[in-house]
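Scroll down for the structure; my scribbles are underneath it.
The values are calculated or read from the model by the stated rules, or taken from the named source; none is laboratory data. Predicted, not measured: the structure shown is a model, and the values here were computed from it. Cβ placement follows ideal geometry from the backbone for every residue including glycine, while neighbour counts extend to all protein chains displayed.
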Amino acid sequence: MDDINYLKRKIKEIIKESPVPEDLVHSKNTLEWLLKLNPDADEALQIAALGHDIERAIEGRKVKREDYKNYNEFKDAHALNSAKVMTEIMKECNMSKRLADDIFSLVRYHETGNTKRSDILRDADSISFFHVNLPYYFIRNGAEETKKRCSWGYRRISEHLQPIVAELVYRNKELEALVRTCISESE
């Protein structure tokens, strides 16, 4: 097995153990959205899509929201921590320094974007959150917290891609109404 396939398998094995039940589906779904947004995405971008939230799967390593003053600081710490975890895994899998540095940077900035490639990853992650994670988030956190997270997440998606989220439909009518409110308040 080559190093890249071993790395992908290792990422999936770690995420499969996450205490957040939808993490593995979100990882795969983020890659699917990435490839819809950019069918020619390179290997580094695809690996970053799979591993962008990897720190959440490691209970003793994940950052906790309550340790940060605001949500943006928390998300920045999460992205940096995931990038560090990915670096350790890539070292174990004998990735080239060039590829490892590229993946580190993409994961590091997957929450904020800062380049064309990290912006695409941020958008794929954001759309996947609405597509896969949001119903679970709603059950765990309730309407008030979900509304805050929904508004934050919707605003960070590139404007030309926001209609993708607007077209998603949720079975839970309360969640559906909440998402519609977030979208209309953000426009």
Would it be correct to say that N141 is free of Cβ contacts under 8 Å to residues at least 24 places away in the same chain and either of a type in the set (D, E, K, R) or not in a helix (DSSP H, G or I) (or both)?
-> no
Kindly indicate the residue of the stretch 13-37 that is of a type in the set (D, E) and within 15 Å of the chain's Cα centre (by Cα) and also farthest from V132 (Cα to Cα) among those meeting that condition.
-> E32
Taking K10 as the residue in question, decide whether it is basic (K, R) and more than 15 Å from the chain's Cα centre (by Cα).
-> yes
Pairs, please: C-beta under 6 Å, at least 6 apart or cross-chain, first residue in contact (Cβ under 8 Å) with a residue 40 or more places away in the chain and over 22 Å from S105 (Cβ atoms) and in the stretch 67-81, second exposed (fewer than 13 other Cβ atoms within 10 Å of the Cβ) and of a type outside the set (D, E)?
-> none
Quick one: which residue in L134, L168 is in contact with a Ser or Thr (Cβ under 9 Å, 6 or more places away or on another chain) and among the aliphatic types (A, V, I, L, M)?
-> L134
What is the one condition in (1) more than 29 Å from V169 (Cβ to Cβ); (2) under 15 Å from the mean Cα position of the chain (by Cα); (3) at pLDDT below 95 that L80 does not satisfy?
-> (3)
Residue that is within 25 Å of Y6 (Cβ to Cβ) and touching a residue at least 60 places away in the same chain (Cβ under 8 Å), where the choices are I89, I127 = I89
In the list A41, A49, which residue meets the criterion of being among the small types (G, A, S) and under 14 Å from the mean Cα position of the chain (by Cα)?
-> A49
For S186, which of the numbered conditions (1) more than 20 Å from I11 (Cα to Cα); (2) surrounded by fewer than 13 Cβ atoms within 10 Å (Cβ to Cβ); (3) more than 19 Å from the chain's Cα centre (by Cα) fails to hold?
-> (2)
What number goes with the only condition from (1) touching a residue at least 40 places away in the same chain (Cβ under 8 Å); (2) acidic (D, E); (3) surrounded by 21 or more Cβ atoms within 10 Å (Cβ to Cβ) that E55 does not pass?
-> (1)
Tell me which of these I157 doesn't satisfy, since it passes every other one: (1) over 18 Å from the mean Cα position of the chain (by Cα); (2) under 25 Å from I47 (Cα atoms); (3) β-branched (V, I, T).
-> (1)
Output yes when any residue across the stretch 157-173 is among the polar types (S, T, N, Q), within 25 Å of L24 (Cβ to Cβ) and assigned to a helix (DSSP H, G or I), and no when none is.
-> no
